[in-house]
Amino acid sequence: MARLVFLFILISVGLFLRFIFLGVFDLKQILLLSMFPIGAALIFFIQKWLAKRDITYIPSNEVKNEWSTTIYDRLAGKKMLYKGQEKVGEYKRFYFKWWQKIVNDVLEGNGTWYLNLAFISPNEENIDIVETKNELFKAYQEWEVRSDGFIRGKIKTDYSIKNSVKLKEALILELGEESYYYQSYKTGSEIHVLQDGKVIASGKRSGFFSSKYHFHLQEDKEEHEVFLVLTYVLFHYVYK
């Protein structure tokens, strides 16, 4: 939406200046230009509808210990996080500066610039995943994992040449002395979480065009479970 508004303003200024200095007025171009705000309004209502689907999500017939969520709109809005039929909490994307959302929307659309996530549980536990490399152009991304204000660990992308050749998408979660490696070999495929080379969890979305995501731990990681799930959520924001 922001892209269309930005283009509308930019082209409008250009047409106005051409009329002032050259006296050129093209009615067809004006009519074409009028489609931009109409398109922006349409996208706005679609985004509102998608955001509503995120916030009203309730799983049906879910496996008892399986985590699930929906991500229809990656730019804003709350999303629900469930474990089986139990709501575990809510999370949302946030920005430290108002203009960061506009930059992200205009230049990259549903992108990963200024990507931060905030999670809150019913018992008011707060977990923030905060990006620590704010440069627009960077070789990798890195985040701090903060729980109630304390740094618990960090997450970083793995954009190695080896991964690029294999078309592998990867994230690394470090919590204290423990490290977890998230990997997927193609968009929409199953994501595996490895610790010391062993798969300890996996997740995937319901279908190729679905926005419902599921995550299951194959080993007991109670202390790190929420952090593992939120990193899985972050994976889908990063790699879409």
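FYI, it's all coordinate maths here, none of it is from the lab. In this text the structure is predicted, and so the values were computed from the model without any measurement. Don't worry about glycine lacking a Cβ; one is built from the backbone with ideal geometry, like all the others, and counts go over all protein chains shown.
By the rule of a C-alpha distance below 19 Å, with chain neighbours fewer than 8 residues away ignored, the aspartates and glutamates paired with Lys198 are Asp158, Glu169, Glu174, Glu177, Glu178, Glu190, Glu219, Asp220, Glu222, Glu223, Glu225. Would you mind checking the pairs Lys92/Lys212; Lys79/Lys204; Lys92/Lys168; Lys48/Lys78; Lys168/Lys221 and listing those with alpha carbons more than 22 angstrom apart? Going by Cα-Cα distance, Lys92/Lys168; Lys168/Lys221 fall outside the 22 Å limit.
For region 61-239, what is the charge dipole size about the Cα centre, in debye to the nearest 20, if Lys and Arg each add +1 at the Cβ and Asp and Glu each add -1 at the Cβ? Show your work: numbers first, answer last.
On the way: 25 positive and 27 negative charges, 159 e Å.
Roughly 760 debye, rounded to the nearest 20.
Among residues other than Glu124 with Cβ under 12 Å from its Cβ, the summed charge is -3 (Lys and Arg +1, Asp and Glu -1). Computed over neighbours whose Cβ is under 12 Å from that of Gly176, the net charge equals -2, Lys and Arg +1, Asp and Glu -1.
Just to check, using Stokes-Einstein with a Kirkwood Rh over alpha carbon pairs, what's the diffusion coefficient of region 61-239 at 10 °C and 1.306 mPa s in µm²/s?
On the way: Rh = 16.7 Å.
Value of D from the Cα-based Kirkwood radius: 95 µm²/s.
Based on the Cβ-Cβ distance from Gln85 to Lys240, what FRET efficiency comes out when R0 is 25 Å, to the nearest 0.05? Once the sixth-power term is evaluated, E becomes 0.35.
Among the chymotrypsin sites (Phe, Trp or Tyr not before Pro) in region 45-121, those located in a DSSP loop and surrounded by at most 14 other Cβ atoms within 10 Å of their own Cβ are Phe96. Extension gain, Lys28 to Lys92: 0.36 nm times the residue separation minus the Cα-Cα distance gives 18.8 nm. What the phi angles of region 89-102 give under the Karplus curve with 6.51, -1.76 and 1.60, with θ = phi - 60°, is a coupling list of x, 10, 9, 7, 7, 9, 10, 7, 10, 4, 6, 5, 5, 5 Hz, glycine and proline written as x.
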